[in-house]
Every structure is written in C-alpha cells, then in structure tokens.
Amino acid sequence: MTTYTKEFTESIRAFIFNKALTLFKQQSNQDELLSMETWDTIFEKIHHELRFYSDIEREQANSSTETSVNLHTLYPSETYNDYIQRIGSLQRLGAYDYTEFYRRLKDTEFKQYIKETYEKIEKIKIVKREIILYVLSALGYIKTQIQPIELIDIIPVYEYISQKNYTNLQEEPLYKDFRSNKKQFYEMYTLWSITNV
C-alpha cells in the first residue's frame, strides 16, 4: 500500500478545491447555491480526482464548521443499516436477488466489502460538503473561518511522480486500461489532470 505524504495530500486537496471553485464560477446557474443539480454537474467533472483524494485522505474531512447554511441537506449521510436497507430493498433487487443479497450478508468477506463501500460513499459525501463549504466561503456567500487557497504547491506532486518514475502522463489515462485496478486509475488520472493544466 502506498503511503502519501501530508504535503502531497494537501497539494491534491488544493488542486481539487480550486478546480471546483473554477467550475462553479463557470456555471450559468450560480444563483442556485444549494441545488443538487449545480453541484452534481461540478462533481461529475472532478469525479476521478475526488475519488483519489477520498482514498488518500487519512482523516475524516471536517464538515462540522458552523455556518448559517445547512449543508447536510446536500449529500446527506445515512447510517449503515439505512444503507443496507436501501441497496438491499426488495423493490430495487427483485425477489431472487433480494434473498441472495441477505444470504450473502452472512458471509464475512461480502459483509466487509459492503461495509467498506458504505464507508467510501460516506467519506465522499463529507468531502463533497467540505468542497461546497469552501467554494461558498471563498466566494463570500457564507462566512466561515476557512482560508482561501492562494497557492497550490505542486512540488510534492512532481516529487511523487519522479519517485514512482511515472513517465506516461502526457496522454489522458483511459479507464479501460485500469479496469482491474480502479485506485491506480484514479491516481493516474489525477496526476495527469494536475500536470496537464
């Protein structure tokens, strides 16, 4: 398992947060600050980078900053039991798959896989809310103690690329080439995105 330095992680964070800020400024519907449609469009464009950042971020993102805006209505968290009931509902799966899903939940490996998937989804939701908070704060829509990112230090990114001896970052990585290793795809895509700005 690759260990990422704090500086590298912070560089990735700064890049993604500023990219989200730029994308929000380019939106035609900036008046809809808390619209899922507005933010889904942005998060679709930074999906791979967001997945990579959520994988390497060691600590839970801090979305508990007090604001006058309730961001928990966007990308709301759900309990593990609610998640199981949602993905394992009879209406969603059908009778056979419903029975099979709950039978497989007794298997330790399958149950662990479902739990890890749930935790990833929840972490991504927290990061999304943190990005929204940053963007709205940076543009002055809400008052927080969050400092705007004035400089993105990409030196740790280039040090990491050099250390890993990645030389094929001129062309956009294609998902089909990484089907068996999604984490590597998200990493390569993010590094490509940063080095080709």
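A short reminder: the numbers here are calculations on the coordinates, not readings from a lab. A quick note: this is a predicted structure, and the numbers were derived from the prediction, not measured. Methodologically, a virtual Cβ is constructed for each residue, glycine included, from the backbone with ideal geometry; neighbour enumeration extends over all protein chains shown.
Annotations for the structure displayed:
- Hydrodynamic analysis of region 148-197 uses the Kirkwood radius over alpha carbon pairs. Inserted into Stokes-Einstein at 20 °C and 1.002 mPa s, it gives a translational diffusion coefficient of 182 µm²/s.
- Taking other Cβ atoms within 10 Å as a rough exposure proxy, VAL197, VAL127, VAL157 sort from fewest to most as VAL197, VAL157, VAL127.
- Per-residue Cβ neighbour rank within 10 angstrom, fewest leading, TYR83, TYR134: TYR83, TYR134
- Label-point separation, LYS183 to ARG58 (7 Å along Cα→Cβ), nm: 1.6
- Scaling the Cα radius of gyration of region 102-163 by the globular reference 2.2 N^0.38 Å produces a ratio of 1.80.
- Here region 138-165 and region 71-105 have alpha carbon centers that stand 36 Å from each other.
- For the chain, the convex hull spanned by the alpha carbon atoms encloses 157 Å³ per residue.
- Report summary: the helix-based calculation at 222 nm, which adds -39500 (n - 2.57) for every DSSP H run with n ≥ 4 and divides by the residues of the chain, gives -19000 deg cm²/dmol.
- Neighbour counts of C-beta atoms inside 10 Å place SER77, SER54 in the sequence SER77, SER54, starting with the fewest.
- Each Lys or Arg adds one and each Asp or Glu subtracts one; over the other residues with Cβ under 15 Å from the Cβ of TYR80, this totals +1.
- The chain: DSSP helices with Cα axial extent of at least 18 Å and average Kyte-Doolittle hydropathy no lower than -1.0: 6-26, 108-138, 182-195
- Loop-located trypsin sites (Lys or Arg not before Pro) in region 71-167 (DSSP state other than H, G, I, E, B) with a sparse environment of at most 13 neighbouring Cβ atoms within 10 Å: LYS106, LYS143.
- For the cross-link pairs LYS120/LYS176; LYS19/LYS128; LYS115/LYS164, the ones whose C-alpha atoms lie over 20 Å apart are LYS120/LYS176; LYS115/LYS164.
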